[in-house]
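For reference, the structure is listed below as structure tokens.
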């Protein structure tokens, strides 16, 4: 079992849990493990390192790069760029990549996640090997003299990524009125320039990062200001990113929030019409809305569900050759274009569909009926015990019999906290509330 790595790299409160000392050790051990796996004829390995706008970013970056260069790795500093930019640039130019970010978390947190030379997040096995050496640095080779890695700044990294994004669509965005919410994060270096260069009329929110305002009442987790601005400016759509811009939440022309399920539906519909949806299949997680599954079925599109987490979505896509997948939270993966969830790429695809179809977001969602969904987190002492308790199992079975084919129940343990998560969906919100409360109360009582 992994001690340091979670579902998306190593995270913690900066300078408390995620310290410069830990960042150095991660760099040194990861540099060794990842370069050891390269072919023998590979020249001096080079890693790219990016970060978001958190105040702790430069501190952790300095320590991490020290660890990497001490393991004989050359480093290219990308500066402030989105996570998917690191993945893309790694695949094009480097032996490995690292992003320093805690995504949608508050500024006090930070994280370090690695990419292999193909631009993919690391497997559990590789992360375990990095952890092994992280606690045994004395087992690693010592580099000195000319064998120590060098550091180079890549000042045009954002532009390199922007050119890739522009080439991912076949149309310009002239005539579209768009509001962007950059979450005071990494999207500020890319999104405004990109959408303006494609001809859209662009209004930008939360694009003045100061190190501590990342994700504060803005971005994909707080789209309220974006909703107001879309209505005020009579925009065609609003696009909100999180701190590292690997997820997207949209707002339609009426000011209503459009989540990851709905974005996936619109993209699946457009790709199917063009004959470009691989295997007529979309990959999502067990948290996707019941209405999403039904809407895809009516399109003649298959739906495959995985455990919660974009890494599991990606694993299924790679294993089966699917090219479109994502999460309700806004992680959307276009695997034929990039190797990880990419909020800005997703925003570009969505905007281009609106432009090409001459339809509003509301019209594009006409075949999607979103079912009322309620999620309750129940604090428990033992998050695994619920599965073995008859009273809880009976409460779940009773709810499922009431719903029949008109909804669903999902009960699962949190991967990171002592919580049991209870979710109920149905076409009746009062029934949803009644059933989710009943199950949650039984878990609490038991």
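The values are calculated or read from the model by the stated rules, or taken from the named source; none is laboratory data. For clarity, every value in this text was computed on a predicted model and none was experimentally measured. Backbone-built Cβ (ideal geometry, glycine too); neighbour counts: all protein chains shown.
Evaluate the stretch 146-154: report whether one residue or more is assigned by TED's automatic domain parsing to the domain that holds residue 238 and touching a residue at least 60 places away in the same chain (Cβ under 8 Å).
no
Look at residue 332 and say whether it is closer than 19 Å to residue 296 by Cβ and in the same structural domain as residue 185 (by TED's automatic domain parsing).
Judged against the criteria, residue 332 is a match.
Quick one: in the stretch 296-327, of everything that is touching a residue at least 60 places away in the same chain (Cβ under 8 Å) and more than 21 Å from the chain's Cα centre (by Cα), which residue is farthest from residue 337 (Cα to Cα)?
Ranking the candidates gives 298 first.
Of everything in the stretch 309-343, what is at pLDDT below 95, in a loop (DSSP other than H, G, I, E, B) and surrounded by fewer than 20 Cβ atoms within 10 Å (Cβ to Cβ)? Give them in sequence order.
309
If you take the residues of the stretch 1-25 that are touching a helix residue (DSSP H, G or I) at 6+ places or on another chain (Cβ under 6 Å) and either under 16 Å from residue 63 (Cα atoms) or assigned by TED's automatic domain parsing to the domain that holds residue 97 (or both), which of them is surrounded by the fewest Cβ atoms within 10 Å (Cβ to Cβ)?
20
Out of 408, 393, which single residue is part of a strand (DSSP E or B), farther than 30 Å from residue 5 by Cα and not assigned by TED's automatic domain parsing to the domain that holds residue 309?
Exactly one residue qualifies, and that residue is 408.
Are any residues in the stretch 119-143 in contact with a helix residue (DSSP H, G or I) (Cβ under 7 Å, 6 or more places away or on another chain) and either free of Cβ contacts under 8 Å to residues at least 12 places away in the same chain or outside any helix (DSSP H, G or I) (or both), and if so, which ones?
Once the filter is applied, which keeps residues that are in contact with a helix residue (DSSP H, G or I) (Cβ under 7 Å, 6 or more places away or on another chain) and either free of Cβ contacts under 8 Å to residues at least 12 places away in the same chain or outside any helix (DSSP H, G or I) (or both), the stretch 119-143 yields 119, 121, 139, 140, 143.
Only one residue in 412, 408 is out of contact with any helix residue (DSSP H, G or I) (no Cβ under 8 Å at 6 or more places or on another chain) and at pLDDT 85 or above. Which one?
Matching residue, one of 412, 408: 412.
Please specify each residue of the stretch 267-295 satisfying the condition of being under 26 Å from residue 428 (Cβ atoms), touching a residue at least 60 places away in the same chain (Cβ under 8 Å) and in contact with a helix residue (DSSP H, G or I) (Cβ under 7 Å, 6 or more places away or on another chain).
Matches in the stretch 267-295: 289, 292, 295.
Look through 219, 291, 255 and report the one residue that is outside the structural domain of residue 426 (by TED's automatic domain parsing) and in a helix (DSSP H, G or I).
Selected residue: 291, the only one of 219, 291, 255 that is outside the structural domain of residue 426 (by TED's automatic domain parsing) and in a helix (DSSP H, G or I).
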